[in-house]
Structure formats: structure tokens, C-alpha cells
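Below: one structure, written as C-alpha cells.
Readers should treat all values here as calculations from the given coordinates under stated rules, not as data from a laboratory. A quick note: this is a predicted structure, and the numbers were derived from the prediction, not measured. Here the Cβ positions follow ideal geometry from the backbone for every residue, glycine too, while neighbour counts run over all protein chains shown.
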Amino acid sequence: MEPLHDDELDRLLNDAPEMRPSPAFDERVIAAFRARHTRGWRRFWHAEIRIPAPLALAAVAAAIVFMLWLKPVGKQDLNGFRPVERLEIKLVRSTNANL
């Protein structure tokens, strides 16, 4: 079967007017297309980026390895820290707030 040319397709469509969509259908399709493809922030916040799961897991693993690699290896010296010798707790009431 040979492919049909545009003029043949036009002739076939003209022979079958019930196959053509109504103008109301065209308007609904165009309105739906415009509603879906709005510009601005709404389109930005509703965007999707599809990433395969193995790629996402590899990226997370690489980020964890990178963070562990940047972590300092040396231990902190706690000899300079001492516990609190005297702990004073002072309650301030709202009426005596200027004291």
C-alpha cells in the first residue's frame, strides 16, 4: 500500500464531513493547551524532572562519600573544657523584668 499524499487526504476528509471535529472541539483543545502551558512561576513550580532510580541512588551515594571525604579526620582536644563550677538559676518575672 502506497502512502497517501496531502491532496488525497484532503479529498478523503472532504468526502467524510462527519470525521471533521466541530469548531467547539477545536476551541476546547486550544483552551486546554493554553491552560496547561501557562508561563511564569506556575509553570516553574509544577515542572517535573524524571531521573531513573539507579542514577538517583548513585548521586546520593556520591554525595555521602564526598561529605565523608571532607570531614576532618583529627579528634578535638577536650582538655581545655571544664564543667561549670557554680550554676545559678535566676527566674525573672514579667513585673520585675527591668532588674
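Overview of results
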read-out	value
Point-to-point label distance, Ala16-Met67, nm (Cα→Cβ direction, 7 Å offset)	6.0 nm
Exposure proxy ranking, count of Cβ atoms within 10 Å, fewest first, for Glu27, Glu88	Glu88, Glu27
